[in-house]
Amino acid sequence: MSDAATRLDIVREQIVRAAKAARRKAGDVTLVAVTKQRGANEIEPLIAAGVTDFGENRVQEAAEKWPALRNAHPNVRLHMVGRLQSNKADEAIALFDVIHSLDRRSLLDALVKAGDKAGHYPDVFVQVNIGTEEQKGGVAIEDLPGFLGQVRASPLPLAGLMAMPPLEKQPGPYFALLAELARRHDVTGLSMGMSSDYPTAVMLGATIIRVGSALFED
Ligand SMILES: *Cc1c(COP(=O)(O)O)cnc(C)c1O
């Protein structure tokens with residue numbers, strides 16, 4: 001069994017290697033450590049090792065775990081990577097700096113309203129249903145131009161596009177498609193890549209990868 005610092009070193013090394021292969025700078029890739037179902041005792045060693053960005057996929061769980069951790073570590077940035085219900089917008093804005101799962105008008109409106117009230121807005125990634133899967137969240141590719149227009153007309157800072165490729169498929173073509181959509185629509189950030197495929201995502205232009213299990217399990 002290795003410890004958190006060792007697993008983090010391995011992930012960082014893979015990021016460097018993949019970036020180099022693609023002639024990119026590893027420093028242009030932000031690692032978000034996804035800590036769903038992980039306790040503070042598992043999170044603290046990553047903070048001590050220099051991780052600044054963390055991701056959760058449930059508002060309720062984040063609300064239980066993170067206020068105390070953030071008090072102790074004010075530099076941490078918290079990312080919402082899971083599906084977000086509009087009725088949790090106020091709570092989400094109080095907790096998260098970045099939301100990766102903006103995928104519909106009703107949620108956009110709820111976040112704007114909550115942000116108006118709170119006096120600050122989270123950065124947002126627009127999630128794209130890149131594999132056209134019925135059960136998955138994300139804007140349909142054909143609806144992306146219109147939705148990006150709505151986000152750009154809102155006070156929410158547009159950070160980029162996010163996607164999760166279909167589970168049983170090779171992820172490369174889907175990452176490449178998301179990168180192409182970002183280019184076409186003049187969006188700079190690309191939130192793509194998880195434990196099983198982040199080196200491929202980095203090679204294809206990811207600027208932010210969301211890695212969970214590779215940091216916590218051998
Ligand atoms: C859990 C999760 C991740 C991290 O997945 P791992 O396979 O554990 O790296 C990334 N993105 C989202 C949206 C998740 O829910």
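Sequentially through the range 41-55, phi angles give Karplus couplings (6.51, -1.76, 1.60; θ = phi - 60°) of 5, 8, 7, 3, x, 6, 4, 4, 8, x, 6, 10, 10, 10, x Hz, Gly and Pro residues having no value and appearing as x.
Phi angles of the range 104-117 translate, via the Karplus equation with coefficients 6.51, -1.76, 1.60 and θ = phi - 60°, into HN-Hα couplings of 7, 4, 5, 6, 4, 4, 5, 5, 5, 4, 5, x, 4, 5 Hz per residue; Gly and Pro are given as x. Residues in the range 1-116 average 51 Å² of solvent-accessible surface per residue, probe 1.4 Å, ligands and nucleic acids excluded. Less than 5 angstrom separates the built amide H of residue 162 from those of 126, 127, 128, 191, all sequence-distant by 5 or more or on a different chain. Net charge of the neighbourhood of residue 165, taken over other residues with C-beta under 13 Å away and scored Lys/Arg +1, Asp/Glu -1, is 0.
The stretch between residue 26 and residue 70 holds 13.2 nm of extra length on full extension. This uses 0.36 nm per residue minus the Cα-Cα distance. Measuring nothing but protein heavy atoms, the accessible surface of the chain at 1.4 Å probe radius is 50 percent carbon and sulfur.
Within the straight-line cut-off of under 16 Å between alpha carbons, the lysines reachable from residue 136 are 169, sequence neighbours fewer than 8 places apart in one chain being disregarded. Using the 1.4 Å probe convention, the accessible area of the range 127-186 works out to 52 Å² per residue with neighbouring protein chains retained. Largest GNM mean-square fluctuation among 26, 182, 48, using the chain with Cα springs under 10 Å: 48. Near residue 77, the amide H atoms lying under 5 Å from its own belong to 53, 54; only residues 5 or more places off or on other chains count, and H is placed 1.01 Å from N. Taking a ≥ b ≥ c as the square roots of the eigenvalues of the Cα gyration tensor, the chain is classed as oblate, since a/c reaches at least 1.5 and a/b does not exceed b/c. The H on the amide N of residue 101, modeled in the peptide plane, is under 5 Å from the matching H of 125, each at least 5 residues off or on a different chain. A full extension of the chain between residue 183 and residue 48 corresponds to an added length of 45.0 nm, given 0.36 nm per residue minus the alpha carbon distance. Among the trypsin sites (Lys or Arg not before Pro) in the range 133-211, those located in a DSSP loop and surrounded by at most 11 other Cβ atoms within 10 Å of their own Cβ are 169.
The values are calculated or read from the model by the stated rules, or taken from the named source; none is laboratory data. If you're wondering where the values come from, they're calculated on a predicted model, not measured in any experiment. Backbone-built Cβ (ideal geometry, glycine too); neighbour counts: all protein chains shown. Only protein heavy atoms, including side chains, enter the accessible area calculation; ligands, DNA and RNA are left aside. Shrake-Rupley method; radii C 1.70, N 1.55, O 1.52, S 1.80 Å.
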